[in-house]
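J.: One structure, as structure tokens, below. Some questions next.
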Amino acid sequence: MPRRLAEIYQPGDQVEIFFSDKTGEEWRPAKIVALQHPGLWARTADGNLWFVTNGRHIRRSGEDATSG
């Protein structure tokens, strides 16, 4: 059974968040700032907050795309 994001990540963890739009796809560095069911809040380097609920869109910093 898949684990919940709050069981995998904790506030302060350094992560990367996946973004995809018409200009392309990229992983951006971020830091977990809060847990909130069913996901978590992460702040990217530009100061924006993102609510992440999908484990395919977040990974620990330094993981490659195939291990995420």
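The values are calculated or read from the model by the stated rules, or taken from the named source; none is laboratory data. Predicted, not measured: the structure shown is a model, and the values here were computed from it. Every residue, glycine among them, receives a Cβ derived from its backbone with ideal geometry; neighbour counts consider all protein chains shown.
J.: Give all pairs with beta carbons closer than 8 Å in which a residue from segment 16-39 that is over 17 Å from residue 55 (Cβ atoms) and touching a residue at least 12 places away in the same chain (Cβ under 8 Å) meets a residue that is loosely packed, with under 15 Cβ neighbours inside 10 Å and among the hydroxyl-bearing types (Ser, Thr, Tyr); count only pairs at least 6 apart in sequence or on separate chains.
T.: Within 8 Å, the pairs are 29/61.
One line per residue, one yes/no per condition, for (1) among the small types (Gly, Ala, Ser); (2) in a strand (DSSP E or B); (3) exposed (fewer than 10 other Cβ atoms within 10 Å of the Cβ); (4) at pLDDT 95 or above:
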site	(1), (2), (3), (4)
6	yes, no, no, no
15	no, yes, no, yes
30	yes, yes, no, yes
33	no, yes, no, yes
42	yes, yes, no, yes
50	no, yes, no, yes
63	no, no, no, no
68	yes, no, no, no
